[in-house]
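The values are calculated or read from the model by the stated rules, or taken from the named source; none is laboratory data. Quick caveat: nothing in here was measured; it's all calculated off a predicted structure. We place every Cβ from the backbone using ideal geometry, glycine too, and count neighbours over all the protein chains shown.
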Amino acid sequence: MLLGYIRKETGDTAGRRGPLVFVSLLVLSFFLTACKVYTFKDVSIPPEIKTIKVNFIENRARYVNPQLSPRLTDRLQQKIVSQTRLTRSTDDGADWVISGFVSGYDISTSGISGQQSSTNRLNVTVQITLQDNVAQKKQEYSVVKTFDFPATSTLQQAEQALGDELIRGISDEIFNRLFSNW
């Protein structure tokens, strides 16, 4: 009925394209589902892992943003508890123990316009260690997240403007590195 209405209102050729579009969307959704591109919440945790401890993430970078370490540690703990089945522990004997430190907090020029810097980039590097007490192994990761800001802003202005985006971006990168099969 609807197809007949479409043919009548838009012409016969447009009515023939309707089923083609539908089939194309159906095939596309099948491939996206099969490739698991449809979601970024694929958390991969072995079934025997039940508890996790997240140690304070220190700031050992040359420039120390005093708010970065406590906010990053807290945000990562909240993300793990809310998006995994793991129970948070304060015991060093937890199944998994995450520790780390901010090793880099550097600024570089990322855009030039009219022979002047137009965009700067804040590069934040965090070294993460995952101690698996069940499998008795240790894995180390280096996570880098970049944030662009106008060259007319100072670093302090950029930190204030980036605010939660800075903490959220870094914690998301760490989480994805630890828990996703990417």
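Looking at 174, 167, can you tell me which residue is closer than 27 Å to residue 44 by Cβ, in contact (Cβ under 8 Å) with a residue 40 or more places away in the chain and in contact with a strand residue (DSSP E or B) (Cβ under 9 Å, 6 or more places away or on another chain)?
Values: 167 fails: in contact with a strand residue (DSSP E or B) (Cβ under 9 Å, 6 or more places away or on another chain).
Step by step, each of 174, 167 is checked, and only 174 is closer than 27 Å to residue 44 by Cβ, in contact (Cβ under 8 Å) with a residue 40 or more places away in the chain and in contact with a strand residue (DSSP E or B) (Cβ under 9 Å, 6 or more places away or on another chain).
Residues of the stretch 139-164 being in a strand (DSSP E or B) and farther than 16 Å from residue 105 by Cβ, which ones? Even if it seems obvious, please write down each step before you answer.
Going residue by residue through the stretch 139-164, those that are in a strand (DSSP E or B) are 139-150.
Scanning the stretch 139-164 gives 139, 140, 141, 150.
Would you mind finding the one in 98, 128, 112 that is in the same structural domain as residue 173 (by TED's automatic domain parsing) and modelled with pLDDT under 90?
It is 112.
So that you can scan it fast, the table gives a plain yes or no per residue for (1) buried (at least 17 other Cβ atoms within 10 Å of the Cβ); (2) modelled with pLDDT of 90 or more:
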| position | (1), (2) |
| --- | --- |
| 7 | no, no |
| 33 | no, no |
| 54 | yes, yes |
| 76 | yes, yes |
| 79 | yes, yes |
| 87 | no, yes |
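Take residue 118 and decide whether it is in the same structural domain as residue 167 (by TED's automatic domain parsing), under 20 Å from the mean Cα position of the chain (by Cα), in a strand (DSSP E or B) and on the phi < 0 side of the Ramachandran plot. If you could, list the steps in order and put the result at the bottom.
On the way: in the same structural domain as residue 167 (by TED's automatic domain parsing): yes; under 20 Å from the mean Cα position of the chain (by Cα): no; in a strand (DSSP E or B): yes; on the phi < 0 side of the Ramachandran plot: yes.
No, not satisfied.
Considering (1) on the phi > 0 side of the Ramachandran plot; (2) surrounded by 14 or more Cβ atoms within 10 Å (Cβ to Cβ); (3) not polar (S, T, N, Q), say which one residue 169 fails and leave the rest.
Just one mismatch for residue 169, condition (1).
Identify, from the list 64, 81, the residue that is assigned to a helix (DSSP H, G or I) and among the aliphatic types (A, V, I, L, M).
On the way: 64 fails: assigned to a helix (DSSP H, G or I).
Just one listed residue meets the conditions, 81.
In the list 64, 144, which residue meets the criterion of being of a type in the set (A, V, I, L, M, F, W, C) and modelled with pLDDT under 95? Talk me through it step by step, then tell me what you get.
Values: 144 fails: modelled with pLDDT under 95.
One residue alone meets the criteria, 64.
Could you list all residues from the stretch 54-90 that are charged (D, E, K, R), within 20 Å of the chain's Cα centre (by Cα) and more than 24 Å from residue 165 (Cβ to Cβ)?
Listed by number, the list holds a single entry, 85.
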